[in-house]
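A.B. asks: The structure is given below, and queries will be raised subsequently.
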């Protein structure tokens, strides 16, 4: 598990590298990366980002090297209460064959913004 953090209402980029257990890059050409974050007891994804969506949600940088960037923008967190909020997240890879692999999961800690 890997924890991530962001301040409520901020922009944030997270680098993604898909690798084998041996550290070799995985070719993600034609695959979908999906990031979802939700409250622990909810089935609703409060933040839902995909590499196949229009706009800058998850941008594939180099598919053959398995690199991408996850973009979180102010709209993703601004509606959260102005206190520390812990969301459960995961990042999944769906290959062309339909095979789904969870690459990483953990807690997305959203810190309150002071200047709001």
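A.B. asks: Can you put 111, 56 in order of Cβ neighbours within 10 angstrom, beginning with the fewest?
C.D. replies: Working: 111 15, 56 12.
With the sparsest Cβ surroundings first, the list reads 56, 111.
A.B. asks: Hey, another quick one. Using alpha-carbon pairs under 8 Å, 6+ residues apart, how would you state the relative contact order of the chain in percent?
C.D. replies: Working: 255 pairs, mean separation 42.2, N = 116.
Answer for the chain is 36 percent.
A.B. asks: A further question follows. Based on other C-beta atoms within 10 Å, arrange 61, 69 from fewest to most. Spell out each step's value before the answer.
C.D. replies: Details: 61 12, 69 15.
The fewest-first ordering by Cβ neighbours comes to 61, 69.
A.B. asks: State the antiparallel share, in %, of DSSP beta bridges confined to the stretch 4-111, rounding to the nearest 5.
C.D. replies: Details: 32 of 36 bridges.
About 90 percent, rounded to the nearest 5.
A.B. asks: Bin by bin, in steps of 5 Å, what percent of the Cα pairs in the stretch 4-111 do you find, going until the bin that has the longest distance?
C.D. replies: 2, 12, 22, 25, 18, 12, 7, 2, 0
Only the coordinates and a few stated rules stand behind these numbers; no lab work does. For clarity, every value in this text was computed on a predicted model and none was experimentally measured. When we count neighbours, we look across all protein chains shown, and the Cβ atoms used for this are built from the backbone with ideal geometry, even at glycine.
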